[in-house]
Amino acid sequence: MTDLEKREKKKPKSKVVCGYPISIFFIVVNEFCERFSYYGMRAVLVLYFRYFLRWDDDTATSIYHTFVALCYLTPIMGAIVADSWLGKFKTIVYLSIVYTIGQAVLAISAIHDITDKDQDGTPNNMTFHVALSMTGLILIALGTGGIKPCVAAFGGDQFSDEQEKQRSTFFSIFYLSINAGSLLSTLITPILRAQECGIHTHQKCYPLAFGVPAALMVVALVVFIVGSKMYIKAAPKGNIMLEVSKCIGFAVKNRFRHRSDEYPKREHWMDWAEEKYERLLIAQVKMVLRVLFLYIPLPMFWALFDQQGSRWTLQATTMDGNFGALIIQPDQMQTVNPILILVLVPIMDSAVYPLIKKCGLNFTPLRRMTVGMLLAGLAFVAAALVQIEIDKTLPKFPSSSESQLKFLNLGSSQLEITAATNAPLTVPPFQANPEYLPFSENEIQVSTGVGFTQNIMLEKGKRQTLLINPATNTMEAINDLMAKPEQGDNAIRFVNGLGTMVNVTTAAVDFGVIAPSSVSNYTLLHEGKSTFTLTSEGGQTCQFSKTYKFGSSYTLVIPSDIQWTENCGDTIKESLDIKPNTIHMAWQIPQYFLITSGEVVFSVTGLEFSYSQAPSNMKAVLQAGWLFTVAVGNIVVLIVAEAAQIPEQWAEYILFAALLIAVCVIFAVMAYFYTYVDPTEIEAQFQKDDSETEKEKEKEKHEMDSISPEKKQHDEEMKQTKI
């Protein structure tokens, strides 16, 4: 008996409660906290790139998918380390420490006050924050990817062979803990991000949004270590993935050595490994390679699926998230996916698939996967249609060869304004004309119709508002916003039409003191009701409230005849510069429904198919191959986002949909020629053949041993005589 067999025989029995090892409680809690940590951080990650690190949409999307790809490449490393050297327990502990450090580093990188020397709310050394955040993300990718293949398998190790039913229930609970952690974190961390925090200036609270997942990762690590003495810890048994790789490598190498015509051809190129490896192992590798070949088109599905956390989240920032009693943040829309998974999985298993079977349709696993890919493609068609409607509501900013101008009347009577060759405009007192006028000239002449005319210099590629004060016969051009306010906020500014200084404040921000006939800077306010307090130089005060939606920009004019009463807001004039988001986030639900339906049909079926077609000792190999397709899918997004450079977002969605449908056709053809096998039968047949061969050898040896010495001597003498 080997040392390994002795250790296996002596391994401890875990305490049992209601038929289940008590140790699985620690594993399930650990998985819930780890998934909360991962998905919570990932939910706000693309917005952190976009609005804190100030990367553009394409760069934010590319780095996001690079990170996700890395998270799905490192499981191979984790499996090899666990099976070959450290064992699952130590691998989980060590990589969880790396994981926790990474989460903490990422949270620290989001503290803007660290480098905000001028205390204006914007970091002065963005390189420091980028370097720190990238370091944190690399550590997180190593941690989450490294423990991914270990935790579930470690949980399965806690059960004895007689607890097959309990083991099956454990995996169901384990999967539920993953979805529960994902759902809760995707709901909670966007709320934390939407808060404002900071020492000198208050900004979106990314440190809290990353800090809470970091704290949950600490909890996950502590809980897992606490259960240490209760675990059954299987010793490393060698990694089958390495063995498979060596076998394939030897077959390729041997085939290359014997490539001349003098060597007879073999039925399959893997047969060239027979000189070194057992026929059973070679047959098992052949089965694995047949499935891995089918995996080649699959990354395209994940290229679309994982854009829920990048492109679709950025799309939601340009939409209206007011659901009445609920205000949904853009990154919270991702919760639709886990909610639909919990609903659709039992519906598919208990209703849809049995109904299809009753209709006499042979809905094989590969056909299900084909349908799942088609549904994902349709989801991106739906996303493109939504994007087209969003684009209709977005402002049309001037090109580099033109400028846009509107006119704001600071007088107490209406003005007839003529600009260049345009028709006269009637502008009411203390208001602006509703639409911007385009101009291609560098200089235009503006007339007020009351004998006041002035030449105005225009800036190409800019939007401006011309403040016209008839009382002082002055005109002043001020710059307007050149982009829709970020993250669904509203950009508000005040123009002081009084003859004295005035101070404007809200509960959140101070607009400062505004001089007569001057304008304040834009200030970002959240969706909802904002209450403004006006205080004049003479000490007069009044308050008024305004309710704003998402993504708008307004110029509020304080008129010279303002009434300093409770209803002073009735005299404040409001000019709309950028329209609020009008397309509701609920329009994203169809695309989420389609892609989640595709995930349920594609992913769940794919895992089941891989398991059923894999040899008994190579389930992990195909699991690693499956995770690798997710990584490659995210790399595909990088290539398209960086190489295609498509200006219209809806067109990029259509491109992805077209690519997936084309790949789906290829996969359908590959699936048509695939022959389903039963690995158990094939393995049993090889074992039977090997057993019969062994019996024949034993029989021959027994027959030789049963011959008497005299008979052997006589046969030898006869042989010599013949010679």
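The values are calculated or read from the model by the stated rules, or taken from the named source; none is laboratory data. In this text, all values refer to a predicted model and were calculated from it rather than measured experimentally. Counting neighbours? That spans all protein chains shown, and the Cβs are built from the backbone with ideal geometry, glycine included. Note: areas computed on protein heavy atoms with side chains; ligands, DNA, RNA excluded. Shrake-Rupley method; radii C 1.70, N 1.55, O 1.52, S 1.80 Å.
Arrange the residues VAL151, VAL677 by how much accessible surface each exposes, largest first, with a 1.4 angstrom probe.
Correct descending sequence by accessible area is VAL677, VAL151.
Quick check: from the Cα gyration tensor, does the chain come out rounded (a/c under 1.5), prolate or oblate? Walk me through the intermediate numbers first.
Details: a/c = 3.19, a/b = 2.45, b/c = 1.30.
Prolate shape, in that a/c is at least 1.5 and a/b is the bigger ratio.
Once Lys and Arg get +1 and Asp and Glu get -1 on their Cβ, which of THR472, ALA624, HIS112 lies farthest toward the positive end of the dipole of the chain?
ALA624
Given a 1.4 Å probe and the protein chains all in place, what does the accessible area of SER518 round to, in Å² to the nearest 10?
40 Å²
At 1.4 Å probe size, put LYS265, LYS688 in order of accessible surface, largest to smallest.
Putting LYS265, LYS688 in descending order of accessible area: LYS265, LYS688.
Structure shown: which of LYS484/LYS546; LYS406/LYS529; LYS148/LYS357; LYS148/LYS246 lie over 31 Å apart, alpha-carbon to alpha-carbon?
Listed pairs above 31 Å: LYS148/LYS357.
Before anything else, pin down the relative contact order of segment 15-238: Cα pairs under 8 Å, at least 6 apart, normalised by residue count, whole percent.
In percent, rounded to a whole number, it is 39.
Compute the Cα gyration tensor for segment 15-238, then decide on rounded, prolate or oblate, letting a ≥ b ≥ c be the square roots of its eigenvalues: rounded whenever a/c is under 1.5, prolate when a/b is larger than b/c in the other cases, and oblate in all that remain.
The shape class here is prolate.
Can you send over the solvent-accessible area of LYS573, 1.4 Å probe, protein chains only, in Å² to the nearest 10?
Estimated to the nearest 10 Å², LYS573 gives 70 Å².
Note down the magnitude of the dipole of segment 15-238 about its Cα centre, charges +1 on Lys and Arg C-beta and -1 on Asp and Glu C-beta and zero elsewhere, to the nearest 20 debye.
Taking the Cα centre of segment 15-238 as origin, the dipole is about 600 debye.
Once both labels are modelled 7 Å past Cα along the beta-carbon direction, what's the PHE171-SER260 spacing in nm?
5.1 nm
Using Cα-Cα distances under 8 Å and only pairs 6 or more residues apart, what relative contact order does the chain have, in percent?
Numbers: 1198 pairs, mean separation 117.5, N = 723.
Relative contact order, the chain: 16 percent.
Treating only the Cβ atoms of Lys and Arg (+1) and Asp and Glu (-1) as charged, compute the dipole magnitude of segment 403-541 about its Cα centre; round to the nearest 20 debye.
Rounded to the nearest 20 debye, it is 80 debye.
With labels modelled as points extended 7 Å from the Cα through the Cβ direction, what inter-label distance (nm, one decimal) is found for GLU275 paired with TYR676?
The answer from the label model is 4.0 nm.
Note the full-extension length gain between LEU355 and GLU486 as 0.36 nm times their separation in residues minus their Cα-Cα distance, in nm to one decimal.
In short, 42.4 nm is gained.
Set the Förster radius R0 to 30 Å, insert the Cβ-Cβ distance between VAL343 and TYR94 as r into 1/(1 + (r/R0)^6), and round the FRET efficiency to 0.05.
Efficiency for this residue pair is about 0.20.
At ASN479 and MET126, where each label point lies 7 Å from the Cα along Cα→Cβ, what is the point-to-point distance in nanometres?
Using points 7 Å along Cα→Cβ, the separation is 1.6 nm.
As a test of reading the structure, rank THR335, THR547, THR318 by solvent-accessible area (1.4 Å probe, protein chains only), most first.
Greatest to least solvent exposure: THR547, THR318, THR335.
When a/c reaches 1.5 or more, the comparison of a/b and b/c decides; with that in mind, is segment 441-553 rounded, prolate or oblate per its Cα gyration tensor?
Judged from the Cα gyration tensor, segment 441-553 comes out oblate (a/c at least 1.5, b/c at or above a/b).
For segment 15-238, build the charge dipole from Cβ charges (+1 Lys, Arg; -1 Asp, Glu) around the Cα centre, then report which of HIS200, GLN166, ILE101 sits farthest towards its positive end.
Positive-end residue among those listed: GLN166.
Which value, in debye to the nearest 20, gives the size of the charge dipole of the chain about its Cα centre, when Lys and Arg are +1 and Asp and Glu are -1 at the Cβ?
I would put it at about 1780 debye.
Could you pull the accessible area for ILE108 with a 1.4 Å probe, rounded to 10 Å²?
In the full protein context, ILE108 sits at about 80 Å².
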